[in-house]
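The values are calculated or read from the model by the stated rules, or taken from the named source; none is laboratory data. Just so it is clear, the model here is predicted, and its values are computed rather than measured. Don't worry about glycine lacking a Cβ; one is built from the backbone with ideal geometry, like all the others, and counts go over all protein chains shown. Note: areas computed on protein heavy atoms with side chains; ligands, DNA, RNA excluded. Shrake-Rupley method; radii C 1.70, N 1.55, O 1.52, S 1.80 Å.
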Amino acid sequence: MDREKLIQRLMVTFLDELEGHVQAMNRDLLALEKVEPGGAQEERLRALFRTAHTLKSAARAVSLQPIEQASHQLEEILTAAREGRRPLSAPLFALLFESVDAVQDAGQTLRAGKNPGESALARILPRLEAAARGEIPPPAVSTPTESADAAAPSAPRGHVAAPAPSHAPNERPRGPVASPAASPPGHAFAASGSTVRISAEKLDTLLAECGELRVALQWSASRSESIEEIRAFVGRWTEEWLSVEKALCRTLESLLPPTDPSPRYSGEKASRAQAQPEGLSQHAAGRGPNGHALGPLPRRTWRALRAQTENLRRLQRELERLRTNAANQFLAQYRASAQIDEEVRRLRMLPFRSACEGLDRMVRDFEKAQGKGVDIAIEGGEVELDRSALEALKGPLVHLVRNALDHGIEGPQARRAAGKPPRGRITVEASLCRGQVQIAVADDGQGLSTEAIRARAARQGLPVPENDAQAIHLIFLPGFSTSPTVTELSGRGVGLDVVQSAVEALHGSLDVSTVPGQGTRFLFTVPLTLTTLRALLVRDGGQVFALPALHVQKVERLAPGQVQSVQGRPMAALGASLIPIAALAEALGLRSAATLKARGEAALILASAENQLMGFVADEALEEQEIVVQSLGPRLRHVRSVSGATSLPNGRIALILNVPDLLRHTLQLPPGPGRAGPFQPPPPPARKRLLLVEDSLTTRALEKSILEGAGYDVLVASDGAEGWQVLQEKPVDLVISDIEMPRMDGFELTEAIRKSKSSGELPVILVSGRASDEDRARGIGVGADAYIVKSAFDQTVLLETIGQFL
């Protein structure tokens with residue numbers, strides 16, 4: 001094999017190793033920044049040097065000179081720090097963190113098939129070389145968004161490490177599965193022996209095959225049950241036939257004349273006759289039970305009846321043998337498949353801490369940029385989850401920690417005034433609970449304001465719940481945010497709905513609780529694995545559905561007398577409570593509304609999510625069992641209220657329901673029998689009209705093109721005075737304005753809009769090159785709803801912000 005092909009084969013392994021090195025360097029740098037000079041600092045410097053040296057050697061092996069050069073310069077800097085020739089100053093730490101980010105960016109560039117010379121690493125190499133010579137160049141200019149994105153957990157690595165089997169074929173391996181994310185590279189695997197790298201795609205395929213094996217096992221169990229049912233049926237049939245046989249014997253005997261009154265048998269024949277069972281089989285000599293001689297026709301009849309009896313008895317024996325063999329075969333298959341399934345699951349299980357990689361770095365960068373003191377604690381990091389679940393949880397965790405940093409934790413002065421420690425605290429905790437994992441993200445900040453939530457809901461034309469718990473859950477609506485301004489970190493209203501969707505895609509649930517002045521806690525519960533699920537199977541409208549057991553409170557029988565109508569909505573009287581109910585098939589849009597009182601006795605499944613309780617009426621509750629979750633595929637991925645499917649033992653498919661989404665949708669249906677079905681498409685919305693106020697012709701043309709491309713009608717004005725005149729003549733739904741403009745600037749325009757009776761509630765977004773805190777505060781002070789800085793302008797941010805208000 002030539003060197004080029006060898007390098008190509010090594011590159012996949014190198015990229016996996018690179019991610020482990022990046023995580024180790026981030027971890028050690030964060031610890032080094034906090035420790036005092038001494039033994040602990042020396043140990044961290046040695047660990048960082050070892051990682052840089054290992055990375056340099058690996059980069060040299062695959063001919064990646066930019067990463068090799070950067071690692072060498074890091075070695076020089078760390079050596080000088082260890083020898084006391086270079087103090088660990090804040091600018092030096094900033095450069096070291098920036099270098100780690102650049103190395104990570106180079107890895108991502110390589111994964112994308114691009115030249116790492118085009119990455120950020122090429123731009124930082126001169127500064128690293130200067131630092132190695134003893135110089136500290138000024139830090140590179142980067143936006144807070146870039147810092148936050150760089151600190152976020154990295155993308156899935158695509159491979160996991162599994163221990164090579166060092167045990168006998170039938171012996172289970174001992175100890176946990178090693179993962180490169182769980183320990184520092186370079187010496188992570190020395191204690192656990194040799195390892196082999198297995199691509200994540202191969203593990204996914206193997207897990208899918210295990211799922212198919214479980215489905216086949218269910219069919220095998222169903223076959224055993226069918227054999228048992230047939231055996232029981234043949235047993236009843238035999239008993240009935242024997243009673244009929246006796247009656248037929250007596251009937252035939254009564255029709256024949258007596259011939260020989262002497263005993264039928266003597267000696268050995270008599271003994272054999274006594275040993276024969278009562279019935280036709282004892283008439284082998286051609287005589288009836290009373291010794292009557294039989295003619296040719298009755299004799300053939302006796303033989304046929306006797307053969308029928310023997311055939312039934314033989315069928316019984318064969319079915320019993322078949323039942324026993326099937327049961328033994330199923331037991332052997334179950335044991336083998338259970339062991340394979342367990343081992344494959346263990347290969348895919350990773351500690352929860354791997355989903356939290358990068359959160360501490362994100363908090364550190366935020367603290368440096370915003371001046372808030374924040375500590376983050378990861379608890380329950382040893383709890384293990386399926387790799388796919390962990391990857392899916394990284395995004396929600398980042399969203400929730402960002403929200404806590406930006407909206408939850410107060411500044412030092414505000415915390416002191418409230419009697420709190422000046423440094424805030426965020427806790428991310430995982431724990432096992434009844435075969436599931438509960439993950440909590442909590443902060444000790446200012447909490448959620450139910451008044452602000454209700455005010456925003458009223459302003460957006462949403463129903464305003466009186467119950468505080470229901471009002472708080474409005475924050476999960478798309479585009480909903482109580483933040484008065486859009487920052488680079490959060491506040492666009494595009495976070496919590498994404499968190500909710502991600503958790504529900506995992507067949508989990510999400511809840512939130514808050515105490516004003518004390519903090520907020522988000523809690524979501526997800527299964528340990530995504531391949532199987534404990535679910536309740538129900539039948540309604542001729543279809544079978546699976547409801548995750550996590551959301552099922554209990555099942556009751558619903559009598560027609562329990563159904564009542566309250567303000568046009570059906571309710572069930574359960575004890576002293578009235579629970580809203582709906583027919584399950586109707587809620588899914590599978591059949592027209594039916595009168596629940598007229599359907600007779602049915603099953604009532606009480607389901608809960610997001611502090612809401614509702615009953616779904618079905619024809620029959622079948623059973624609760626472990627089901628194999630199967631994807632709907634890309635074309636059906638976004639079907640409302642459905643999150644997957646499962647194969648039943650009879651070969652039919654049962655849809656797995658997304659209970660929180662189904663419950664939300666059903667409770668929002670208008671009451672009364674004439675309501676539209678849930679799948680009826682809504683009428684197309686009217687096009688929204690925007691006013692764009694911008695004095696730069698180029699910027700105005702660019703933003704107008706973006707807005708019209710997004711489906712908005714756009715009116716334009718070249719300054720605040722012209723914009724104010726347009727508002728007097730034409731109604732608009734939202735205003736986007738620059739600040740620096742002749743005649744009337746954006747501040748003055750916003751202030752005039754807020755003082756106007758006709759347009760005082762009009763949403764206003766300021767887009768400006770001014771990035772100072774004073775300008776932001778002034779913009780919010782005059783009444784702007786959002787403030788976007790042009791230096792970090794992104795059309796996605798602008799469109800998402802507009803969508804938040806419209």
query: If amide H atoms are built 1.01 Å from N in the plane of the peptide, which residues on other chains or at least 5 residues away come under 5 Å of the amide H of L558?
result: A602, A603, L604
task: Give the peptides 393-406, 767-780, 59-72 in descending order of average Cβ contacts within 10 Å, highest first.
output: 393-406, 59-72, 767-780
field: Accessible area of W302 in the full protein assembly, 1.4 Å probe (Å², nearest 10)
entry: 10
- line: Answer in debye to the nearest 20: the dipole magnitude of the range 681-806 about its Cα centre, from +1 Lys/Arg and -1 Asp/Glu charges placed on Cβ, is 340
- prompt: Karplus couplings for the range 56-71 from phi (6.51 cos²θ - 1.76 cosθ + 1.60, θ = phi - 60°), rounded to Hz, Gly and Pro as x?
  reply: 4, 5, 5, 5, 5, 5, 10, 6, 9, 5, x, 6, 4, 5, 5, 5
- line: For 334-347, 455-468, ranked highest to lowest by mean beta-carbon neighbours within 10 Å, the order is 334-347, 455-468
message: Rounded to the nearest 10 Å², what accessible area does V12 have for a 1.4 Å probe in the complete protein model?
response: 70
message: For the range 424-462 and the range 344-406, what is the centre-to-centre distance using only Cα atoms, to the nearest Å?
response: 16
field: Solvent-accessible area per residue, Å², over the range 1-81 with all protein chains present [probe radius 1.4 Å]
entry: 47
- request: Would you work out what percent of the accessible area of the range 354-465, with all protein chains in place, is carbon or sulfur (probe 1.4 Å)?
  value: 49
Amide H contacts under 5 Å for G373, placed H, 5+ residues apart: G424
task: For each pair in K368/K790; K704/K757; K394/K420; K372/K394; K368/K704; K202/K394, compute the distance between the two Cα atoms and list the pairs where it is over 26 Å.
output: K704/K757; K394/K420; K368/K704
field: Karplus 3J(HN,Hα) series, Hz, for the range 232-243 with 6.51 cos²θ - 1.76 cosθ + 1.60 (x for Gly, Pro)
entry: 5, 5, 5, x, 5, 5, 5, 4, 5, 5, 4, 5
- line: With all protein chains present and a 1.4 Å probe, the order of K246, K34 from largest accessible area down is K34, K246
